[in-house]
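Engineer: Supplied in structure tokens, the structure appears directly below.
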Amino acid sequence: MADLQFSLWPGGKSKCLTLSYDDGRVEDRRLVEIINQNGVRATFHLNTAFECREEYLPVSEFSDLYRGHEISVHTHSHPSLTQLPPSLVLTEVMENRRILENASGEIIRGMSYPFGDYNDEVISLLKGCGMEYARTVEETGQFRVPGDFMRWSPTCHHNRLGNLWESFIGRSLDSRLLLFYLWGHSYEFSRDNNWYIMEEFCRKAGNQPEVWYATNIEIKEYVTAIKALRLNAAQTKVYNPSAVAVWFLAEGNPVCIKPGELKAF
Ligand SMILES: [Zn+2]
């Protein structure tokens, strides 16, 4: 039986960082500039009903501003989804999705919950709207991929970073994937006068050779591809039926298995 460990990210990297910022307010312009300077990548969960208000970005700006990052659902007008009739949940998500897809040219497949509110009924409706992941606001302080992507809880909010990044980057490779997931709202940096938090974080967390900088949906796709791998009972053969290349450790050595490839050990 070969010793196989499925704990590597694309490129054989040992760690992954993603950022997740909500609402699409004008402060996203400054946030995008900071993260772009440091090679960090993010997912932006955007509302679409408020573009006539001066504190929100116009939809026409989304495509250029967020290039290289992910645009994602945050509902049209930011209601609490647990307090709406089901038909309105569908409308809020699909209208938001339609506008974001028109603006970006992408197929939008993920979201974050307005106010962090969700329940089983909402999740079932969201899956029917084509949502493949949804982020909560429940901070874990952990560096793990979620067991359920429809209940994807972040590592921490940017106000509670503490020494979490130092602790993350000091972790050595084990049998589990290591993910650091930071979330917040860009307007909080202006309101709290603490843009230095994001500037310092990106300076130390950006441009690290062992880190894969990814959007939320890229992580979801990669983890799904790992779970889709097929192994024989003796664990001497691995087949990758997905469209995503997967890296893993075989006898301690990094190996890449391409889409459609069968490898024997
Ligand atoms: Zn929000």
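The values are calculated or read from the model by the stated rules, or taken from the named source; none is laboratory data. Note that the structure is predicted; figures quoted are calculated from it, not measured. When we count neighbours, we look across all protein chains shown, and the Cβ atoms used for this are built from the backbone with ideal geometry, even at glycine. All accessible areas refer to the heavy atoms of the entire protein, side chains included, with ligands and DNA or RNA removed. Shrake-Rupley method; radii C 1.70, N 1.55, O 1.52, S 1.80 Å.
Engineer: Please work out which residue is farthest from the ligand (Cβ to nearest atom), limiting yourself to the range 134-163 and to residues that are open to solvent by 40 Å² or more (accessible area, probe 1.4 Å) and over 30 Å from S124 (Cα atoms).
Structural biologist: Out of the qualifying residues, it is N163.
Engineer: Also, quick follow-up: State whether the residues of the range 14-25 include one that is more than 22 Å from Y133 (Cβ to Cβ) and either of a type outside the set (K, R) or in contact with a Cys (Cβ under 7 Å, 6 or more places away or on another chain) (or both).
Structural biologist: Restricting attention to the range 14-25, the residues satisfying the condition of being more than 22 Å from Y133 (Cβ to Cβ) are 14, 25.
When the remaining residues are screened for being either of a type outside the set (K, R) or in contact with a Cys (Cβ under 7 Å, 6 or more places away or on another chain) (or both), the result is 14.
Within the range 14-25, one or more residues are more than 22 Å from Y133 (Cβ to Cβ) and either of a type outside the set (K, R) or in contact with a Cys (Cβ under 7 Å, 6 or more places away or on another chain) (or both).
Engineer: Could I ask something else about it? If we keep just the residues of the range 103-117 that are more than 12 Å from the ligand (Cβ to nearest atom) and touching a residue at least 24 places away in the same chain (Cβ under 8 Å), which is nearest to S20 (Cα to Cα)?
Structural biologist: The residue in question is G110.
Engineer: Give the number of residues within the range 52-83 that are within 14 Å of the ligand (Cβ to nearest atom) and hydroxyl-bearing (S, T, Y).
Structural biologist: Qualifying residue count for the region: 5.
Engineer: Inspect the range 234-241 for any residue being among the small types (G, A, S), modelled with pLDDT under 95 and either within 16 Å of the ligand (Cβ to nearest atom) or more than 25 Å from M111 (Cα to Cα) (or both) and give the result as yes or no.
Structural biologist: Yes: the range 234-241 contains one or more residues that are among the small types (G, A, S), modelled with pLDDT under 95 and either within 16 Å of the ligand (Cβ to nearest atom) or more than 25 Å from M111 (Cα to Cα) (or both).
Engineer: Only one of (1) in contact with an Asp or Glu (Cβ under 8 Å, 6 or more places away or on another chain); (2) surrounded by 17 or more Cβ atoms within 10 Å (Cβ to Cβ); (3) part of a loop (DSSP other than H, G, I, E, B) is not met by Y187, so which one is it?
Structural biologist: The number of the failed condition is (3).
Engineer: With the range 193-265 as the region, which strands (runs of 3 or more DSSP E) entirely inside it contain at least 1 residues that are touching a strand residue (DSSP E or B) at 6+ places or on another chain (Cβ under 8 Å) and under 17 Å from R176 (Cβ atoms)?
Structural biologist: 211-213, 246-250, 253-257
Engineer: Identify the single condition in (1) of a type in the set (S, T, N, Q); (2) touching a residue at least 12 places away in the same chain (Cβ under 8 Å); (3) under 25 Å from V223 (Cα atoms) that S124 does not satisfy, given that it satisfies every other one.
Structural biologist: Tallying (1) of a type in the set (S, T, N, Q); (2) touching a residue at least 12 places away in the same chain (Cβ under 8 Å); (3) under 25 Å from V223 (Cα atoms), S124 fails exactly one: (2).
So that you can scan it fast, the table gives a plain yes or no per residue for (1) in contact with a strand residue (DSSP E or B) (Cβ under 7 Å, 6 or more places away or on another chain); (2) under 18 Å from R41 (Cα atoms); (3) not aliphatic (A, V, I, L, M):
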| position | (1), (2), (3) |
| --- | --- |
| E121 | no, no, yes |
| E139 | yes, no, yes |
| L164 | yes, no, no |
| R171 | yes, no, yes |
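Engineer: Farther than 27 Å from E55 by Cβ, touching a residue at least 24 places away in the same chain (Cβ under 8 Å) and surrounded by 15 or more Cβ atoms within 10 Å (Cβ to Cβ): does that describe V223?
Structural biologist: Yes.
Engineer: Sticking with this structure for a sec: What are the residue pairs meeting all of these: first residue in the range 9-38, first residue closer than 30 Å to K258 by Cβ and at pLDDT 95 or above, second residue open to solvent by 10 Å² or more (accessible area, probe 1.4 Å) and of a type in the set (V, I, T), Cβ atoms under 6 Å, and 6 or more apart or on different chains?
Structural biologist: Pairs that qualify, where the first residue is closer than 30 Å to K258 by Cβ and at pLDDT 95 or above and the partner is open to solvent by 10 Å² or more (accessible area, probe 1.4 Å) and of a type in the set (V, I, T): there are none.
Engineer: While we're here: Quick one: is L173 at pLDDT 95 or above, within 21 Å of V211 (Cα to Cα) and surrounded by fewer than 20 Cβ atoms within 10 Å (Cβ to Cβ)?
Structural biologist: On the way: at pLDDT 95 or above: no; within 21 Å of V211 (Cα to Cα): yes; surrounded by fewer than 20 Cβ atoms within 10 Å (Cβ to Cβ): yes.
Here the answer is no, as L173 does not meet what is asked.
Engineer: When you scan the range 71-127, how many residues do you find that are open to solvent by less than 10 Å² (accessible area, probe 1.4 Å) and of a type in the set (F, W, Y)?
Structural biologist: Matching residues across the range 71-127 total 1.
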